[in-house]
Amino acid sequence: MSLHQSEITESRPKPLEGLLGGIGIALSVHSLLVLNGSVLGVSAFVHRSHRGDKAAMISVVGLVLGGVAVGIIGDADTPVPHTTSLLLRKVFSGLLVGIGTKLANGCTSGHMICGLSRFSLRSLVATTTFFASAVATTHFAHGNDVLGTSGSLDWTLGENQGRQFLGAILSLGTLWFAYTCSALKNGTGNISQLSVLRYLASFLTSLAFAFSLRLGNMVDPHKVLAFLTLPLSSAFNPTLAFVAGSALPLATLLYRYARVEQPKLGGKWNIPTSTKIDCRLILGSVVFGIGWGIAGVCPGPALVNFGRSLYAGIGFAEYAAWLLSMGFGGLLVK
């Protein structure tokens, strides 16, 4: 078992935290798109980092350091306590997520948030498939004896979570302030300044994304698994529904009404244009969903929790093993 009933018996849904986390996610996604012309797809960042893509590496670093910052500014929660069974489960989960996201070319961030907000049919098929696969896996691999029960809605926003939201806003505010103050705004910037600002955009949007994931409780494997049980179970926790309920509409509106003709920091658009729905997409989404449902972890939260574990000193082995196995899984797919 990945969690023990003695550790978690009740999970309180956090609607306000979910809604604010979703807003931060949407703003991070849109900022990277408008400034760099890139999709904030975390699994793609990990896979491209293996090929030496500097922007992807910086995005990965931003997520990890975001996890460190989450701990520093007062996150009282720590990653899941480490046990042998948990380590083995996470290694297998990471391997499947690595294989699945490489085959399907995306995960929850790239397909569900970025893809659905662009009305991509390919992303709709991928999201529906991996979500169904994750739900089925969660019901098979976990139960109420492990996930406990869900309590009443808690609409409060704790001091620590307020700091997470502030951290996300400050990260994005710093990025847009840097752009506004640069000569690029007037079309007179040089290539060197352009490069620096593009890397800064990669870093700060990932940093804001990390704060938003923590605020929306997506870094908590228990809440993720409790959400994946759906209302069919007494363990169902709807917090992540509130995350999607604010992230998707806002990201869609921003994409529809706040797009630009060319990325503000130069370069070409790097948005997936394929409409192909094939066996590779379906199989990859199924495999990713199984991996997600086994441990309740996907690439973005894994990187954030790895950063948190560096600060807290707890859970390092589990998240390091998950990330290494994900990377290895991606390398197995051409």
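Relative to the longest principal axis of the C-alpha atoms of the chain, give the angle of the C-alpha long axis of helix 54-72, reported between 0 and 90° and rounded to the nearest 10°.
For helix 54-72, the angle is close to 50 degrees.
For Lys102, which lysines qualify as cross-link partners when the Cα separation must be under 17 Å and same-chain residues fewer than eight apart are set aside?
Leaving aside lysines fewer than 8 places away in the same chain, those within reach of Lys102 are Lys276, Lys334.
What value, in deg cm²/dmol to 500, does the helix sum -39500 (n - 2.57) over DSSP H runs of n ≥ 4 give at 222 nm once divided by the residues of the chain?
About -21500 deg cm²/dmol.
Could you derive backbone 3J(HN,Hα) for the range 163-172 from the dihedral phi with the Karplus parameters 6.51, -1.76 and 1.60 (θ = phi - 60°), listing whole Hz in sequence and x where the residue is Gly or Pro?
Result, ordered by residue: 5, 5, 5, 5, x, 5, 5, 5, 4, 6 Hz.
GNM, the chain, Cα, under 10 Å: largest mean-square fluctuation among Arg198, Arg256, Arg89?
Arg256
Students often get this wrong, so try it: which of (i) 20; (ii) 31; (iii) 17 is percent of Cα pairs over 34 Å apart as calculated from the structure shown?
(iii)
In terms of modelled amide H atoms, which long-range or inter-chain residues lie less than 5 Å from the amide H of Ser11?
Result for Ser11 returns Thr149, Ser150, Gly151.
Given 0.36 nm per residue, what is the gain on full extension from Arg12 to Gln262 after removing their alpha carbon distance, in nm?
Working it through step by step, the gained length comes to 85.6 nm.
Name the shape class, rounded, prolate or oblate, that the alpha-carbon gyration tensor gives for the range 192-279, where a ≥ b ≥ c are the square roots of its eigenvalues, rounded holds for a/c under 1.5, and otherwise prolate holds if a/b is larger than b/c and oblate otherwise.
prolate
From the phi angles alone, apply the Karplus equation (6.51, -1.76, 1.60; θ = phi - 60°) to the range 311-316 and give each ³J(HN,Hα) in whole Hz, x where the residue is Gly or Pro.
Coupling constants for the range 311-316: 7, 7, x, 10, x, 4 Hz.
Just grab the label-to-label distance for Tyr311 and Gln193, each label 7 Å out from Cα along the Cβ direction, in nm (one decimal).
Going by the 7 Å Cα→Cβ label model, 3.3 nm.
Quick one: which residues, 5 or more positions from Gly267 or on another chain, have an amide H under 5 Å from its amide H? H modelled 1.01 Å from N in the peptide plane, none for Pro or chain starts.
So Gly267 has HN proximity to no qualifying residue.
For Leu166 and Arg280, what is the calculated FRET efficiency with R₀ set at 45 Å and r taken between the beta-carbons, to the nearest 0.05?
0.60
Check which residues have an amide H placed less than 5 Å from Thr229's amide H, if you skip close sequence neighbours.
Sorted by chain and number, the residues that satisfy this are Asn237.
With +1 on each Lys and Arg Cβ and -1 on each Asp and Glu Cβ, how big is the dipole of the chain about its Cα centre, in debye rounded to the nearest 20?
Using only the charged Cβ atoms, the result is roughly 1240 debye.
Please work out whether the range 198-334 counts as rounded, prolate or oblate from its C-alpha gyration tensor, where a ≥ b ≥ c are the square roots of the eigenvalues and a/c under 1.5 means rounded, while otherwise a/b larger than b/c means prolate and anything else oblate?
rounded
Taking R0 as 35 Å, what's the FRET efficiency between Phe140 and Phe328 from their Cβ-Cβ distance, rounded to 0.05?
The calculated FRET efficiency here is 0.90.
Name the shape class, rounded, prolate or oblate, that the alpha-carbon gyration tensor gives for the range 115-175, where a ≥ b ≥ c are the square roots of its eigenvalues, rounded holds for a/c under 1.5, and otherwise prolate holds if a/b is larger than b/c and oblate otherwise.
Oblate, since a/c reaches 1.5 and b/c is not below a/b.
Could you give me the ³J(HN,Hα) list for the range 287-299, computed from phi with Karplus coefficients 6.51, -1.76, 1.60 and θ = phi - 60°, whole Hz, x at Gly and Pro?
Going residue by residue, I get 5, 4, x, 4, x, 5, x, 5, 10, x, 10, 10, x Hz, with x marking Gly and Pro.
Here, each number is a calculation from the coordinates, and none is a lab measurement. Nothing here was measured: the structure is a model prediction, and the numbers come from that model. Every residue, glycine among them, receives a Cβ derived from its backbone with ideal geometry; neighbour counts consider all protein chains shown.
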